[in-house]
Amino acid sequence: MKYLDELNEPQREAVLHKDGPIMIVAGAGSGKTKVLTTRIAHLMGEHGIDAFNILALTFTNKAAAEMKERIERTLGNTEARNLYIGTFHSVFARILRGEANKLGYPNNFTIYDTDDAKSVIKTVINEMNLDDKQYKPNIIYNRISSAKNSLIGPVEYMNDKGLQQEDARANRPLIGQIYDAYAKRCFKNGAMDFDDLLFKMYILLKNFPEALSKYQKKFKYILIDEYQDTNTSQYEIIKLLGAMHENVCVVGDDAQSIYSFRGATIENILQFQKDYDDVKVVKLEQNYRSTNSIIKVANQIIDKNKNQLPKKLWTDKADGEKIRLVRTATDNEEGKYVADTIKEQKLRNHFMNSEFAILYRTNAQSRAYEESLRRMNIPYKIYGGLSFYQRKEIKDYVAYLRVIVNTRDEEALKRIINYPTRGIGKTSLDRAILAANENNITLWEVLEQARTAGYKGGTLESIENFVRMIKMFQSEMKKGTNAYDLAVIVGKSTGIVKELFNDKTTEGLARYENTQELLNSIKEFTETPMNEEDGEVGDKGLGTYLQQITLLTDADNNKDEADSVKLMTIHAAKGLEFSCVFVGGLEETLFPNAMSINTREELEEERRLFYVAITRAKKNLWLTYANARYRFGQLQQNDPSRFIEEMPVEYIDKSFAGGGVNNQNTANRQYGNGNPLWSRGDQAPAKPAYLAPAARPQTKEHTPSADFAASDTSNLQAGQKVEHQKFGFGEVVKMEGAAHNPIATVQFDQNGEKKIMLNYAKLRIVE
């Protein structure tokens, strides 16, 4: 049993425990996967438990595959391939294939993915003659999914007064009937959706005693990874399956329970000891991932939560570098700081791009980081999501703006002509495209002449209304309306913002936040004083804005980049680790999120989310926040996150936060109990200097040479020396951009690296 020598004492204790319920509380980076796989290998190798009698459930296919591979390596044979190991959904689908006839389904039943399910729901809504703007398929799908994960069927749903009242308040009183019709349609089609794989598994065990007995006898040992992420249906299924032998092993960390929006409930792990008698509890508290500074900060943060299983992470690693707390003036400067720091760290410490991760609370925050990384030519990848400008809602919105500027833009026109739905279907559009091709004219020209082209009735009216709307937008643009005001008019007149705002699902909220972030970026573009360094020169109209973001989106150097910086939400980062981590947007109402601080339970989940973010870092950790951020079109002053004040000051480097933070007589003064002055609960002292407004970096002004005269820069090359009226002397580092709009990157002696739009900037070529 050589593999036991590789374990620490608590890990070995968890592996050697054979019979009876056991809860392994595994802190971040404590080697839980190693314990889980070694435990299974030990049951098979030392105790002779048949692989067919072991059930191991995970939350990702990747985790299941990794566990199987590790067990095979440990045992030195292929017996691990006989394990029932996989995600809840994959394992239960496998069981249901053999038992489907009991539930009235064929053994080869279809499994509907999310799109299939929403399509069926949409059909049901149409057949019931309901307004699909009121009963949006996406909202109905999420409502039904939530019900199934709480083990509420259609009949129970319609008989639940609380649910009926909620639907009535949302002006959707018929959701229960839609749920019933949808369930019957799936049954008729011999199909189960993703949530049915849990719901029907529960029904099978609950309603068919012989099936329950069969699988209770079969699965003598049950192991569940990430138990804190289980929902009601998963919890109840495990209780039923484990009731005979009670050899149930759960592994998890209540401090990393962050998925309540998916139906996960932290109560499952907190209540485990009450569900079984004589539960053995093993705590894995040694962290093998992070430096001591990071662990100390994480411990003090999570200690503030009342609802938890007490534990203390520790590590035998050195303190390492302090956590850097960074304040910037705006979110765009926050993005620039992160990109600059990554470049500096790569040069100084020889990190690879792949060793960096940028984590944020909401998807919309990625924009500022993406733009800064692209400007610095640092390859990056959005993990578990799309790049900001590639998201559907952003492409839809931008397509409207593109058509206003250029009605010949057929791709943009096709994207928006029937979004939101206005009665111009695919057949009508195909007919218009054919007419445009046959007559060698643009699609827009066909739409302008819709009556002549033979369109009639409702379709004709819809096309003419659409054309009038676009022309109204163009009229506003010609009057000189700035890009932001025009974009707001577009959002309101088309109904695209309202449609997203009315979708109250988690996904709908994220899409709405993304459109607001797009408007924020346009607002900032219109209000930022004109200067050459970012190409923000000339008018503040829509055309200039689109040109600017097109330069960013077209210069996409992130495809197939293995060595790239990873950007992701903190939710997507769970289970991952990186040498260097940036956690951005540490501001009140953003992190903790304003939507999640109405109850102690919500606030504690936000704090767990912060704990997860911190513990992703192995070596270096930066926590950043902006003094001001554009939100909903307004530049808002922000208070720093309450989480900042909960951190132990001795492990925080505040020299990056500006304004006299190293004065031991002010911000860093401590009382005898080790608490910083600014976090004492018995008084409300002034904010420390580093929580005060940040000053914008000043440009070092340059007095132009007496003989300064702008040169012809049409053939400017990298390596040439130049003089700028404002920024002084510098050297051209590289040339980029389109031929009609060249951009020079110049390294100035006094003002650092800046991008110069040559169509507008006045440069004197020195040599």
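Things worth noting here:
- Among residues of segment 121-139, those that are buried (at least 19 other Cβ atoms within 10 Å of the Cβ), of a type outside the set (A, V, I, L, M) and in a helix (DSSP H, G or I), counted: 1
- Cβ pairs under 6 Å, 6+ apart, first in segment 579-599 and among the polar types (S, T, N, Q), second surrounded by fewer than 23 Cβ atoms within 10 Å (Cβ to Cβ) and part of a strand (DSSP E or B): Ser579/Lys618; Ser579/Lys619
- Candidates in segment 564-604 are the residues that are in a helix (DSSP H, G or I) and over 13 Å from the mean Cα position of the chain (by Cα); of these, the one that is surrounded by the most Cβ atoms within 10 Å (Cβ to Cβ) is Glu604.
- Residues of segment 59-89 that are of a type in the set (Val, Ile, Thr) and open to solvent by 30 Å² or more (accessible area, probe 1.4 Å): Thr60, Thr74, Thr78.
- Selection within segment 344-380: residues that are crowded, with 21+ Cβ neighbours inside 10 Å and aromatic (Phe, Trp, Tyr). The member of this set that is nearest to Phe591 (Cα to Cα) is Tyr360.
- Of all residue pairs spaced 6 or more apart or on separate chains, those with beta-carbon atoms under 7 Å, a first member in segment 246-263 that is in contact (Cβ under 8 Å) with a residue 40 or more places away in the chain and a second member that is assigned to a loop (DSSP other than H, G, I, E, B) and β-branched (Val, Ile, Thr) are Asp254/Ile266; Ser257/Ile266.
- Segment 381-394, residues that are part of a helix (DSSP H, G or I) and either surrounded by fewer than 22 Cβ atoms within 10 Å (Cβ to Cβ) or within 15 Å of the chain's Cα centre (by Cα) (or both): Phe388, Tyr389, Gln390, Lys392, Glu393
- Within segment 480-524, considering residues that are of a type in the set (D, E, K, R) and open to solvent by 60 Å² or more (accessible area, probe 1.4 Å), the one farthest from Lys136 (Cα to Cα): Asp485
Yes or no, residue by residue, for (1) closer than 22 Å to Asn406 by Cβ; (2) of a type in the set (Lys, Arg); (3) free of Cβ contacts under 8 Å to residues at least 60 places away in the same chain:
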{"site": "Lys426", "(1), (2), (3)": "no, yes, yes"}
{"site": "Met469", "(1), (2), (3)": "yes, no, yes"}
{"site": "Ala487", "(1), (2), (3)": "yes, no, no"}
{"site": "Ile496", "(1), (2), (3)": "yes, no, no"}
{"site": "Ala510", "(1), (2), (3)": "no, no, no"}
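- Looking across Phe52, Phe92, one residue alone is open to solvent by 50 Å² or more (accessible area, probe 1.4 Å), closer than 22 Å to Lys218 by Cβ and part of a helix (DSSP H, G or I). It is Phe52.
- The helices (runs of 4 or more DSSP H) found entirely in segment 197-295 that carry 3 or more residues being under 16 Å from Phe92 (Cβ atoms) and either modelled with pLDDT of 95 or more or open to solvent by 10 Å² or more (accessible area, probe 1.4 Å) (or both) are 209-218, 232-242.
- Contact map, segment 206-220: residues that are closer than 16 Å to Ala51 by Cβ paired with residues that are in a helix (DSSP H, G or I) and open to solvent by 30 Å² or more (accessible area, probe 1.4 Å), Cβ distance under 8 Å, separation 6+ or inter-chain. Pairs shown: Lys218/Phe52; Lys218/Asn53; Phe219/Asn53; Lys220/Asn53.
- Selection of first residues in segment 136-165 that are within 15 Å of Glu236 (Cβ to Cβ) and of second residues that are among the acidic types (Asp, Glu), restricted to Cβ pairs under 8 Å at least 6 apart or on distinct chains, gives the following pairs, ordered by first then second residue: Lys148/Asp195; Lys148/Asp196; Asn149/Asp195; Leu151/Glu236; Ile152/Asp160.
The values are calculated or read from the model by the stated rules, or taken from the named source; none is laboratory data. Here the structure is a predicted model, which means the values were calculated and not measured. We place every Cβ from the backbone using ideal geometry, glycine too, and count neighbours over all the protein chains shown. We work out accessible area using only protein heavy atoms, side chains counted, and drop any ligands, DNA or RNA first. Shrake-Rupley method; radii C 1.70, N 1.55, O 1.52, S 1.80 Å.
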